[in-house]
Amino acid sequence: MTHIADRDRPPQVLLVEDNRGDAVLTRRAFKRANIASDIVVAETGEKGLSILRREGEHAGAKRPDIILLDLNLPHMHGQDFLQTVKSDPDFKRIPVIILSSSSADKDVIGSYDRHANGYITKPVTTETYDDIVARIEQYWFTLMQLPPDQAPSAFA
């Protein structure tokens, strides 16, 4: 299997987002989309890392197929989370898409410098969220070929 949608389980999405309203809009957009997916929300970067590392209460967490990351998080900034994920050999191949309200050049450049796989400025309407999620699904779930070792044995 080389595409996320071809797997025998729903795509796993880790949404690292502290804004409840944005998390709800994103979840709703995924529910309305064509491919059923499991979304786990982490309100902080630290919680997102705990989920990835399967620590404590997250020991049974599934490996995400994709991470949607807000930059402006409490405590650990999204750029620091991104740097940590992309420098870890177990997680560096997980696509990380920045979904931020910032369109500042420094944020976009900083994200790509830390190896983000994409940068999307957050939409302001439900319809735009739906469109963005549909495009993420089309591109990342059905079009992009992933490396064969995407899921190390620790996450089998």
Starting from residues that are exposed (fewer than 13 other Cβ atoms within 10 Å of the Cβ) and in contact with a Ser or Thr (Cβ under 9 Å, 6 or more places away or on another chain), keep the ones in segment 133-156 and report whichever is modelled with the lowest pLDDT.
-> Pro148
Out of all the residues in segment 96-116, which are more than 16 Å from Gly45 (Cα to Cα) and in contact (Cβ under 8 Å) with a residue 12 or more places away in the chain?
-> Ser101, Ser102, Ser103, Asp107, Gly110, His115
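Here's the yes/no breakdown for (1) open to solvent by 30 Å² or more (accessible area, probe 1.4 Å); (2) modelled with pLDDT of 95 or more; (3) over 12 Å from the mean Cα position of the chain (by Cα):
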{"residue": "Ile67", "(1), (2), (3)": "no, yes, no"}
{"residue": "His77", "(1), (2), (3)": "yes, yes, yes"}
{"residue": "Gln83", "(1), (2), (3)": "yes, yes, yes"}
{"residue": "Ser87", "(1), (2), (3)": "yes, yes, yes"}
{"residue": "Ile97", "(1), (2), (3)": "no, yes, no"}
{"residue": "Asp107", "(1), (2), (3)": "no, yes, yes"}
{"residue": "Ser111", "(1), (2), (3)": "no, yes, yes"}
{"residue": "Glu127", "(1), (2), (3)": "yes, no, yes"}
{"residue": "Asp131", "(1), (2), (3)": "yes, no, yes"}
Looking at segment 64-75, is at least one residue polar (S, T, N, Q), assigned to a helix (DSSP H, G or I) and touching a residue at least 40 places away in the same chain (Cβ under 8 Å)?
-> no
State which residue pairs qualify: first residue open to solvent by 60 Å² or more (accessible area, probe 1.4 Å) and inside segment 4-31, second residue in a loop (DSSP other than H, G, I, E, B) in any location, beta carbons under 6 Å apart, and separation of 6 or more residues or different chains.
-> Asp18/Glu43; Asp18/Leu73; Asp18/Pro74
Does segment 32-48 contain at least one residue that is at pLDDT below 95, among the charged types (D, E, K, R) and in a strand (DSSP E or B)?
-> yes
Mind listing whichever residues of segment 25-36 are over 15 Å from the mean Cα position of the chain (by Cα) and among the β-branched types (Val, Ile, Thr)?
-> Ile35
Taking only segment 31-87 into account, find how many residues are farther than 20 Å from Ile109 by Cβ and among the polar types (S, T, N, Q).
-> 4
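The values are calculated or read from the model by the stated rules, or taken from the named source; none is laboratory data. Source: prediction; values computed, not measured. Reconstructed Cβ throughout: ideal geometry from the backbone, glycine too, with neighbour counts over all protein chains shown. With ligands, DNA and RNA removed, areas are computed over all heavy atoms of the protein, side chains included. Shrake-Rupley method; radii C 1.70, N 1.55, O 1.52, S 1.80 Å.
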